[in-house]
Amino acid sequence: MTEQTDTAPAHDVFPQAVLFDMDGTLLDSEPRWDVALEELAVLLGGTLRPEVRDRMVGSNEDASVIFLLEDLGLPVEDFPEHVAWLRNRMKTLFAAGVDWKPGARELLLEVRAAGVPTALVTSTARELTEVLLRTLDPANFDVIICGDEVQARKPDPEPYLTAAAKLGVDITRAAVIEDSRSGTESALAAGAVAFAVPSEVALPPEIPAHRLTTLDGVTLDRLRAIAGA
């Protein structure tokens, strides 16, 4: 007689991995972006309107600068030099230190302690991500995917599909922790189980993600319970 166990097959385990966004999800870095983008707008002879800033949340440096140039009525062909300025300014701001979002570090460390694979999936370029990894610690992630390391950035599914492939997990059994619309749409398009913790801009109600008001007190068991796993 074959002995029966209560252990679920590996393909049924949830989560097979937890994939974390960075800006606004793990780290309270969006206020630093506010500073640099407002300064850039002034240098360009204008101001950063709130609705334009909202469009930038969850995007990347290139897209953010293009949004700003378009709003100010300036030629977008010059965006690379402005992106270079923005990245240099952000390096300085990030180097001064960035705080963790409430509960983010605790959840990440619990996931690591449980032996669940993790990935950092960010739209931010590698050179800026490396500065923030001084706080995050690269040892906390099995895979790191940066915005300039994929062909298509969020909201395209490529970043999360790439992370899942590198981890060797089924994306449909992976949990994604996000804060922005573009990031959440990327996770959902990839087929992941998306948990959204909006930090700067509220998500439209039609986006079918599991909503969290904060990561403070959120545990692996709570993620499983919310997902019905």
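Read-outs: derived from the displayed coordinates by stated rules, not from any lab. Because the structure is predicted, anything quoted here is derived from the model rather than measured. FYI the Cβ positions are ideal-geometry reconstructions off the backbone, even for glycines, and counts take in every protein chain you see.
Out of the DSSP beta bridges found with both residues in the chain, what percent are antiparallel (nearest 5)?
Bridges in the chain that DSSP calls antiparallel: roughly 5 percent.
At a Förster radius of 35 Å, what calculated FRET efficiency corresponds to the Cβ-Cβ distance of residue 78 and residue 166, to the nearest 0.05?
0.50
Among 191, 115, 58, whose mean-square fluctuation peaks in a Gaussian network model of the chain (Cα, cutoff 10 Å)?
Residue with maximal mean-square fluctuation among 191, 115, 58: 115.
Counting alpha carbon pairs within less than 8 Å and at least 6 residues apart, what relative contact order, in whole percent, applies to the chain?
25 percent
Could you give P(r) for region 131-176, binned at 10 Å from zero, as whole percent values over all Cα-Cα pairs?
24, 51, 25, 0
Evaluate the distance, in nm, between pseudo-label points positioned 7 Å from the Cα of residue 114 and of residue 202 along their respective Cα→Cβ axes.
3.0 nm
Take the chain, connect every pair of alpha-carbon atoms lying under 10 Å apart with a spring to form a Gaussian network, then pick out the residue of 68, 203, 44 with the largest mean-square fluctuation.
Looking only at 68, 203, 44, the biggest GNM fluctuation is shown by 44.
Roughly how large, in nm² to one decimal, is the mean projection of the convex hull of the alpha-carbon atoms in region 93-195?
Across all orientations, region 93-195 yields a mean hull projection of 6.3 nm².
Measure nothing fancy, just the Cα-based angle from helix 30-43's long axis to the longest principal axis of the chain, in degrees from 0 to 90, nearest 10.
With rounding to tens, the tilt is 20 degrees.
Provide 25, 214, 129, 135 in ascending order of the number of other Cβ atoms located within 10 Å of each residue's Cβ, fewest first.
Result, fewest neighbours first: 214, 135, 129, 25.
Report, as a whole number in µm² per second, the diffusion coefficient that Stokes-Einstein gives for the chain at 10 °C and 1.306 mPa s using the Kirkwood radius over alpha carbon pairs.
Calculated translational D: 87 µm²/s.
Provide 150, 35, 193 in ascending order of the number of other Cβ atoms located within 10 Å of each residue's Cβ, fewest first.
Arranged by neighbour count, lowest to highest, 150, 35, 193 become 35, 150, 193.
Taking the alpha-carbon set of region 30-95, what are its Rg and Dmax in Å?
Cα only, region 30-95: 10.6, 32 Å (Rg, Dmax).
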